[in-house]
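The structure appears below as structure tokens.
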Amino acid sequence: MSLSTQPFKILCLRGTIEGETRTFPLEASTYRIGRSSASDISLQVHGVSREHAILYQTLEGLMIKDLGSRNGTFVDNQRVERAPVAYGAEIRFGSVCLQVDSLDADDVALAFTLTDPGLTVTRDVVVTPEDDEPTVAQGAAGHAQDGYGLVFPADYHPGVSPLTMALYRQLRQLLTDDLAVLLVGETGVGKEHVAKTIHASCSRSKAPFVAINCAAIPAEMLEAELFGIGRGVATGVKERAGQFELAEGGVLFLDEIGEMAPALQAKLLRALQEKEIQPVGKPARRLDVRVIAATNADLDQRMDTGLFRRDLFYRLAGHKIELPPLRRSKEDIPGLVEHFLRRFASQAGIRIRGVSAKALDLLVANPWPGNVRELQHEMHRLVGSSTDGQVIDSGMLAHRWRDHPPDSPPDGPPESSRVGESLALEPKLRELEERLIREALRRSGGKRIEAAKLLEISRNGLAKKMKRLGIDS
């Protein structure tokens, strides 16, 4: 079918390049194609010539002209010098195959543009008590001038959803005392960012913020890490301060507190009650530290089974704050998408023109079981698979986001409604592999050797899989 019989189609070239789906909208009349980064369609793949071909519109339709490339230009497996290209035809440039396809109008219309791709936010963001809308503080870091506002870290993007604004109101209320704080929420919701916000917003902002993952350190070593150890306790052991001492005057963040061994829970309880620590092999000493703990575990269930001390729970939960999952704060997603794309595009030194309306609709519609962390990884992957001047469209999204029905309920469809769900094996295996690797990295505290042991694969094998899946440790 000739292009002239389809005047209302928005054309594109679409194909898989090095494992990533790529879409190139054909909005202009002429496109130079080649390996050069200056090409209109840059295919930086071995086998594509620096200036490979030119694609252009005529009154009769779309034409392709080879520019003397080494490996040739092929239309439907026929090598051509100059030839018409029909809708649905496959064009091969060296080893790269792209098909002439059409785009949904919503994949051409931009939900937003990144007009200043090099923008880097360096100022602190402050939420004042009188106004629930986040504003950017002009000038100094530290805490808000009146002492009651919220100051967010420079790499944090404040949300705008009703649940997020309710969270900010809760956080303001705990800045005037020194009670311990327990942050509860699913993995990836940003518990450490919230802990840093509390630290930056209170009177302890000039003192250290120290974080430790209680699940990443073996139980037999965690006591010394928390409370310190004296010289000569064992052969070859050197004296060192614990995390409590390092946080003197400031905030100690205990992540994954639900994974702490029961025996150590008793020592932590004493430290909180008596405001003093007992280093291994050293005299006890008093400390001034505010503790913020976090967990994604069901502590009620753990207390019922005796795995977590009820008295420690009450001591930690001076203020208990529940962080909402991203699927219940969907209004935050567009801002987070733009924030992460700007950051990663700036790091990669490329321009991302924007995000199509259809792509953003799919991103907002999906449940994000890994919450903000998972969204961040997806934006990093998208930037990594983009070329300079790219528009992020729906075809670039991971299979699980493209295939998810936009009108499904936030927590996923019931089992009975999955009859028509795709059973394609490859994307399902990829999703399972990615989930298991992320869980192994979480359990090992990001240590690849330990994660590889948990997965029962080699460290090199893990590194290759992480690179293929776009996972950062």
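Quick look at the numbers
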item	result
For Val291: the one exception among (1) within 26 Å of Cys202 (Cα to Cα); (2) modelled with pLDDT under 95	(2)
Spans of helices (runs of 4 or more DSSP H) in region 184-264 with at least 3 residues open to solvent by less than 10 Å² (accessible area, probe 1.4 Å)	191-201, 219-227
Hits in region 53-67 (condition: open to solvent by 20 Å² or more (accessible area, probe 1.4 Å) and over 18 Å from Ser39 (Cβ atoms))	Thr58, Leu59, Glu60
Single condition Phe209 does not satisfy, out of (1) within 20 Å of Gly445 (Cα to Cα); (2) modelled with pLDDT under 95	(2)
Subset of region 5-38 (residues that are open to solvent by less than 20 Å² (accessible area, probe 1.4 Å) and among the polar types (S, T, N, Q))	Thr23, Ser36
Out of Pro279, Pro325, Pro334, sole residue that is in contact with a strand residue (DSSP E or B) (Cβ under 8 Å, 6 or more places away or on another chain), crowded, with 20+ Cβ neighbours inside 10 Å and not hydrophobic (A, V, I, L, M, F, W, C)	Pro279
Of all residues in region 345-375 being assigned to a helix (DSSP H, G or I) and open to solvent by less than 10 Å² (accessible area, probe 1.4 Å), the one that is farthest from Ile471 (Cα to Cα)	Ala359
Complete set of residues in region 441-456 that are open to solvent by 90 Å² or more (accessible area, probe 1.4 Å) and of a type outside the set (A, V, I, L, M, F, W, C)	Arg443, Lys447, Lys453, Glu456
Qualifying residue in region 457-473 (condition: part of a loop (DSSP other than H, G, I, E, B), open to solvent by less than 100 Å² (accessible area, probe 1.4 Å) and closer than 20 Å to Cys214 by Cα)	yes
Meets criteria (within 27 Å of the chain's Cα centre (by Cα) and at pLDDT below 85) for Arg22	yes
Meets criteria (farther than 24 Å from Thr187 by Cβ and either surrounded by 16 or more Cβ atoms within 10 Å (Cβ to Cβ) or at pLDDT 90 or above (or both)) for Leu299	no
Residue ID - nearest to Thr164 (Cα to Cα), chosen from residues in region 283-295 that are buried (at least 19 other Cβ atoms within 10 Å of the Cβ) and of a type outside the set (Ser, Thr, Tyr)	Ala294
Members of region 376-391 that are crowded, with 19+ Cβ neighbours inside 10 Å and at pLDDT below 90	Ser386, Gln390, Val391
Criterion (closer than 27 Å to Val383 by Cβ and open to solvent by 20 Å² or more (accessible area, probe 1.4 Å)) met by exactly one of Arg50, Arg70, Arg82	Arg50
Residue satisfying all of: in region 26-43; farther than 27 Å from Asp104 by Cβ and part of a loop (DSSP other than H, G, I, E, B); modelled with the lowest pLDDT among these	Ser37
Some residue of region 116-137 being modelled with pLDDT of 80 or more and either assigned to a strand (DSSP E or B) or among the small types (Gly, Ala, Ser) (or both)	no
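The values are calculated or read from the model by the stated rules, or taken from the named source; none is laboratory data. Since the structure is predicted, the reported quantities are computational estimates derived from the model, not experimental observations. Using ideal geometry, Cβ is built from the backbone for each residue, glycine included, and neighbour counts are taken over all protein chains shown. Ligands, DNA and RNA are stripped out before the accessible areas are found, and what is left, the full protein with its side chains, is counted by its heavy atoms. Shrake-Rupley method; radii C 1.70, N 1.55, O 1.52, S 1.80 Å.
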